[in-house]
Amino acid sequence: MTSKPKAGSAGETLEVRYGDKLVGLLRRRSDEIQDIEFVYDEAWVKDPRAFAVSTRMPLAQRVHEPDVVYRWFLNLLPEGRTLRTVGTILKIPEANVFALLEELGEDLPGALEVRRSADQRPNRTPRYKRLTEAELAAAIRRLPERPLLVGEEGIHMSLAGAQDKLPVVLYPDGGIGLALDGAPTTHILKPANKHFSNAVENEAFCLRLAAKTKLPVAECTIGKAEDLDYLLVKRYDREPHGRSLRRIHQEDFCQAAGHIPSTKYESNSTNKLRGPTLKDCFDVLRNTQAGAFNVARFVDFLVFNVLCGNVDAHSKNYSLLLQPSGAISMAPLYDVMNGDIYPDVTRNLAMKIAGQNRGHYIYVRHWDRMARENQLSGAQVRRRVAELSQAVLDALPSVVEELNTLKKSPVYQQISDYVAGYCRDMLRNLKSDPREEPEEDSDPEGAIRPPGFS
């Protein structure tokens, strides 16, 4: 029997901070990597504007156990190959969440910073470094071998996901810079993806389409550094605060459901473990008392992802915002791409709708069953599906035209045609409900989940 990897000394702590306030301590209980607990600071618990680190770690309970804590903080880090590369560069095992956060925790998804205590860390002042176009292009080219530019001077930040991307700051004049030594970032830069052609145009199209249909969505634009295209997505977990930026706390549904990142899909081919289902996501909303408005918003996002052919709408691509007031709400829609333009990508949705995982074959009975299983009105769900299907269909021509003025590409019309097909099928399927399922198209041989999408 092999021994478990060692993580360091029992009793070591890291501070979890919100601005200048200590939220609590992340503490190693032993030398086993996963044996870390979180303890809320007493002053934070008494603060009337305090918020919970997670819906799974309520303020009413000061000490939270490793099973919950390790999973939640692991979700703040990159995934898969990206995490392995980061670990190699930093000479830290990829499973050692405590040590990785010690290096990367100064700008994380959400509002929290994870740092050594003041007397143990270098005295650094948060700052920004403006990049020339050549410097930005060089930084983008380094990302595949140096994710997040990890290990470079002043870089102590993290983003979840498997795709190459870089947190940046956008200046008022359109310039781009790096945030150093814990300075908050404003945008996420997502370079063109060598595995999925036109990924920049694809995501831009889907996000602009969501905006056209009046859904709350992450703002984006397309940029270029030398010969390199990129998508620039505005962070919804940052907002202006005087002359600085305020971090807004969030957690994704994978965290809120208590899963590790490698089980973010309902069915995970790499480890065969079950991930969050649609019902699990509805349960998250009900358990957090997010209210009917946010349940309806989640339904909107779910329907839109089906209509877009977004097969990568897994549990880490839906998030909650946790406000200092205690209010909990759905975060804007993000990470939406059409999978149909890629022949080798699966056509199966990331989460089944009442047992059906093919968008073209979702009928009235599937929506009714989904509604029934989650205490929703079937009639209201069907009505909203019809409204969104028509709204998306109507918006397609203007989105194609708008994006062609930004960066001309034939792929916009190609995506539009696929999405229009989903919308027309959905409108037709709402009026029919065959007793037998139509024969489903089989995935192409060797079809893959798109790990580079998000």
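The values are calculated or read from the model by the stated rules, or taken from the named source; none is laboratory data. Please read these numbers as outputs of a predicted model, since none were measured by experiment. With ideal geometry, Cβ positions are generated from the backbone for all residues, glycine too; neighbour counts draw on all protein chains shown.
Is it the case that the stretch 324-331 has a residue that's part of a strand (DSSP E or B), within 17 Å of the chain's Cα centre (by Cα) and among the hydroxyl-bearing types (Ser, Thr, Tyr)? Yes, the stretch 324-331 contains at least one residue that is part of a strand (DSSP E or B), within 17 Å of the chain's Cα centre (by Cα) and among the hydroxyl-bearing types (Ser, Thr, Tyr). So for the stretch 390-404 (the condition being within 21 Å of His314 (Cα to Cα) and of a type in the set (Gly, Ala, Ser)), does at least one residue qualify? Within the stretch 390-404 (the criterion being within 21 Å of His314 (Cα to Cα) and of a type in the set (Gly, Ala, Ser)), the answer is no, since none of the residues qualifies. Here's a check for you: in the stretch 231-269, which residue that is of a type in the set (Gly, Ala, Ser) and surrounded by fewer than 20 Cβ atoms within 10 Å (Cβ to Cβ) is farthest from Leu349 (Cα to Cα)? Filtering first and then ranking leaves Gly242. When Met351 is tested against (1) assigned to a helix (DSSP H, G or I); (2) touching a residue at least 24 places away in the same chain (Cβ under 8 Å), only condition (1) is not met. Of all residues in the stretch 407-454, those that are at pLDDT 95 or above and touching a helix residue (DSSP H, G or I) at 6+ places or on another chain (Cβ under 8 Å) total 17. Right, Lys272: outside any helix (DSSP H, G or I), more than 15 Å from the chain's Cα centre (by Cα) and loosely packed, with under 14 Cβ neighbours inside 10 Å or not? Here the answer is yes, as Lys272 does meet what is asked.
Assigned to a loop (DSSP other than H, G, I, E, B) and buried (at least 21 other Cβ atoms within 10 Å of the Cβ), is that true of Ala111? Considered against the rule, which asks whether it is assigned to a loop (DSSP other than H, G, I, E, B) and buried (at least 21 other Cβ atoms within 10 Å of the Cβ), Ala111 comes out as yes.
Restricting attention to the stretch 198-223, and to residues there that are over 17 Å from the mean Cα position of the chain (by Cα) and free of Cβ contacts under 8 Å to residues at least 60 places away in the same chain, which single residue is farthest from Gly175 (Cα to Cα)? My answer is Ala211. Filtering Ala313, Ala379 for residues that are modelled with pLDDT of 95 or more, aliphatic (A, V, I, L, M) and part of a helix (DSSP H, G or I) leaves a single hit, Ala379.
A search for C-beta distances below 8 Å between a residue of the stretch 378-402 that is within 16 Å of Val364 (Cβ to Cβ) and any residue that is β-branched (Val, Ile, Thr) and buried (at least 17 other Cβ atoms within 10 Å of the Cβ), counting only pairs 6+ apart in sequence or on different chains, returns Val381/Val299; Arg384/Val299; Arg384/Val303; Val385/Val303; Leu388/Thr213; Leu388/Val303; Ser389/Val303. Which of the residues spanning the stretch 84-102 are crowded, with 18+ Cβ neighbours inside 10 Å, outside any loop (DSSP other than H, G, I, E, B) and without any contact (Cβ under 8 Å) to a residue 60 or more places away in the chain? Listed by number, the residues that qualify are Gly87, Leu100.
The residue of the stretch 303-357 that is farthest from Gln163 (Cα to Cα), among those that are in contact with a strand residue (DSSP E or B) (Cβ under 6 Å, 6 or more places away or on another chain) and polar (S, T, N, Q), is Ser329.
Every residue in the stretch 41-66 that is among the acidic types (Asp, Glu) and without any contact (Cβ under 8 Å) to a residue 24 or more places away in the chain, please. Within the stretch 41-66, Asp41, Glu42 qualify. Residues considered: Glu203, Glu106. Of these, the only one that is crowded, with 23+ Cβ neighbours inside 10 Å and closer than 24 Å to Asn404 by Cβ is Glu203. Gly19 satisfies every condition listed in (1) in contact (Cβ under 8 Å) with a residue 60 or more places away in the chain; (2) of a type in the set (Gly, Ala, Ser); (3) within 25 Å of Pro147 (Cβ to Cβ) except (3). Residues that are basic (Lys, Arg) and in a helix (DSSP H, G or I) were ranked within the stretch 202-261; the one that is nearest to Tyr70 (Cα to Cα) is Arg208.
Considering every residue within the stretch 179-187, establish whether at least one is in contact with a helix residue (DSSP H, G or I) (Cβ under 9 Å, 6 or more places away or on another chain) and in a strand (DSSP E or B). Within the stretch 179-187, not a single residue is in contact with a helix residue (DSSP H, G or I) (Cβ under 9 Å, 6 or more places away or on another chain) and in a strand (DSSP E or B). Within the stretch 273-325, the set of residues being among the hydrophobic types (A, V, I, L, M, F, W, C) and out of contact with any helix residue (DSSP H, G or I) (no Cβ under 9 Å at 6 or more places or on another chain) comprises Ala292, Phe293, Leu321, Leu322.
The rows are residues; the columns are (1) modelled with pLDDT of 95 or more; (2) farther than 26 Å from Ser329 by Cβ; (3) surrounded by fewer than 23 Cβ atoms within 10 Å (Cβ to Cβ).
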| residue | (1), (2), (3) |
| --- | --- |
| Ala162 | no, yes, yes |
| Pro167 | yes, no, no |
| Leu170 | yes, no, yes |
| Leu178 | yes, yes, no |
| His187 | yes, no, yes |
| Lys194 | no, yes, yes |
| Glu226 | yes, yes, yes |
| Asp229 | yes, yes, yes |
